[in-house]
1. Any residue in the stretch 29-53 that's over 15 Å from residue 72 (Cα atoms) and charged (D, E, K, R): show its pairings with residues that are modelled with pLDDT under 95 and within 9 Å of the ligand (Cβ to nearest atom) at Cβ separation under 8 Å, as long as the two are six or more apart or on different chains.
2. Does at least one position in the stretch 13-24 carry a residue that is within 14 Å of the ligand (Cβ to nearest atom), of a type outside the set (Gly, Ala, Ser) and in a loop (DSSP other than H, G, I, E, B)?
3. Just the residues that are modelled with pLDDT under 95, assigned to a helix (DSSP H, G or I) and away from the ligand (no atom under 15 Å from the Cβ), please, taken from the stretch 72-122.
4. Looking at 217, 236, which is the one that is surrounded by fewer than 18 Cβ atoms within 10 Å (Cβ to Cβ), in contact with a strand residue (DSSP E or B) (Cβ under 8 Å, 6 or more places away or on another chain) and of a type in the set (Lys, Arg)?
5. What is the residue count in the stretch 191-247 for residues that are in a helix (DSSP H, G or I) and over 14 Å from residue 22 (Cβ atoms)?
6. Go through the stretch 131-158 and report how many residues are away from the ligand (no atom under 16 Å from the Cβ) and touching a Pro at 6+ places or on another chain (Cβ under 6 Å).
7. Can you tell me which of (1) within 19 Å of residue 146 (Cβ to Cβ); (2) touching a Gly at 6+ places or on another chain (Cβ under 8 Å); (3) surrounded by 22 or more Cβ atoms within 10 Å (Cβ to Cβ) is the one residue 8 doesn't meet?
Amino acid sequence: MNKNPVGVFDSGLGGLSTVRAIKKLLPNEDIIYFGDTGRVPYGTRSNETIESYTAQDIKFLRSFDCKMIAVACGTVSTVSRELIKGLPLPSTGILTPSAKAAALATKNGKIGIMGTSATINSGAFDKEIKSYNEKAEITSVACPLLVSLVESNWCGVDDDVTNPAVKRYLKPILENGCDTVILGCTHFPHLIPIIRNIAGEGVTLIDSGLEEAKYIKQYLDENDMRNAPDHKGEAKYFVSDRPQNFSSAAATLLGESIDNECSFIDIFKYIQEDLWTGKQ
Ligand code: DGL
């Protein structure tokens, strides 16, 4: 048994798709969430900037003695993959769990990937999917606008701005006959009702947050690291800009108020150099 919290982070609201799934699958676990709302979006930035943000975000989470780090961000999971692998504590991103789920789900071998520009440019999903199914035909689409639409909380199923944007991004994926689509950015599971309507029931949508949470559950089980079964898991949220903006959108996405659990932190205090040793 391990009572320490699971540390989860993203550039903003996206990672709440992982939090929502952890709460459901692992109700006894405590969660520390960091949303880098002062610096969202990540997906349009250079690899160097993304890696430096990643290092700071993890350094902040490690100050809580987390038992596991869950990178709830497709951009960080793909661009900073090697950096995360070097961490001296258990960690996961969305890449492997989502790619594996898609490779298992597809019937016609045609898989679509929706992600940020940095994720799509990294080619990491293509490589990972091919490691499970080398004949897979992949259609990748960078969907940067969708991150801003989710951050604006324009996720309603009838939203008249988000619907045409999703339709446009999905077009090449549907035209190429993909039967499975990876929502390779954690912001996108918040748009599932819209994506589902446009893609139709015949397409399997891979929810990256849910797949990551399933992996965390499996890892904690296999390593005897679950919290006590009588413990009621609690989540605390930290953001790098105004908490009010985050908590009001988060309430809609999580279906519960987090007003009292959300605080500001100065992420610039968490310098990156000594991240891997943990020395101050
Ligand atoms: N939710 C993140 C991802 O999964 C980041 C999106 C962004 O900040 O551009 O890629």
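1. Nothing qualifies.
2. Scanning the stretch 13-24, I find at least one residue that is within 14 Å of the ligand (Cβ to nearest atom), of a type outside the set (Gly, Ala, Ser) and in a loop (DSSP other than H, G, I, E, B), so the answer is yes.
3. Listed by number, the residues that qualify are 82, 83, 85.
4. Details: 217 fails: in contact with a strand residue (DSSP E or B) (Cβ under 8 Å, 6 or more places away or on another chain).
The conditions single out 236.
5. Quick first cut of the stretch 191-247, residues in a helix (DSSP H, G or I) only: 191-199, 208-222, 243-247.
Retained after the next criterion (residues that are over 14 Å from residue 22 (Cβ atoms)): 191-199, 222, 243-247.
Residues that pass the stated criteria total 15.
6. Taking the stretch 131-158 and keeping what is away from the ligand (no atom under 16 Å from the Cβ), we get 131-139, 156-158.
Within this subset, residues satisfying the condition of being touching a Pro at 6+ places or on another chain (Cβ under 6 Å) are 139, 157.
Qualifying residue count, the stretch 131-158: 2.
7. The single condition residue 8 does not satisfy is (1).
Quick grid of which residues meet (1) under 18 Å from the mean Cα position of the chain (by Cα); (2) under 26 Å from residue 97 (Cβ atoms); (3) aliphatic (A, V, I, L, M):
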residue: 189; (1), (2), (3): yes, yes, no
residue: 202; (1), (2), (3): no, yes, no
residue: 214; (1), (2), (3): yes, yes, no
residue: 230; (1), (2), (3): no, no, no
residue: 233; (1), (2), (3): no, yes, no
residue: 238; (1), (2), (3): yes, yes, no
residue: 259; (1), (2), (3): no, no, no
residue: 266; (1), (2), (3): no, no, no
residue: 269; (1), (2), (3): no, no, no
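The values are calculated or read from the model by the stated rules, or taken from the named source; none is laboratory data. Owing to the predicted nature of the structure, the values given are computational and were not obtained by experimental measurement. We place every Cβ from the backbone using ideal geometry, glycine too, and count neighbours over all the protein chains shown.
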